[in-house]
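Bear in mind these aren't lab numbers, they're just calculated from the coordinates by the rules spelled out. Being a predicted model, the structure only gives us computed values, none of them experimental. All Cβ positions, even for glycine, are placed from backbone atoms using ideal geometry, and neighbour counts span all protein chains on display.
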């Protein structure tokens, strides 16, 4: 299994509706082939080091991760996130 983690820090001018839309669009990717589990959440701690939204995707294998990244439904959601965010960090690892 592969764990794909992404954290999003929104630009200060990203409004609450845009942030909620981003989270909803991420959740809608849960049925892409190879995805075992997908979770999206808003940060609840709000510390100085916190990011605003976290994404955790559990995928079947590395091939599924590649398929997810290149999937025609994922690409526009990723681009939407890039437009909203000041910073995005990711980690992918075997579990």
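Brief remarks follow.
- Between the helical axis of 74-84 and the longest alpha-carbon principal axis of the chain there is an angle of about 20 degrees.
- Fully extending the segment from residue 61 to residue 27 would add 10.3 nm, taking 0.36 nm per residue of separation and subtracting the current Cα-Cα distance.
- Value at 222 nm in deg cm²/dmol, rounded to 500, when DSSP H runs of n ≥ 4 in the chain each add -39,500 (n - 2.57): -10000 deg cm²/dmol
- Computed packing ranks the peptides 57-67, 73-83 as 57-67, 73-83, most packed first, by mean other Cβ atoms within 10 Å.
- Full extension of the chain between residue 51 and residue 13 yields a length gain of 12.2 nm, computed as 0.36 nm times the residue separation minus the alpha carbon distance.
- Inter-label distance, nm, simple model (7 Å from Cα along the C-beta direction), residue 70/residue 95: 2.4
- Gyration tensor (Cα) of the chain, equivalent ellipsoid semi-axes in angstrom: 23, 15, 11
- Against the main long axis of the alpha-carbon atoms of the chain, helix 16-27 sits at an angle near 10°.
- Neighbour-count order for 38, 26, fewest beta carbons within 10 angstrom listed first: 38, 26
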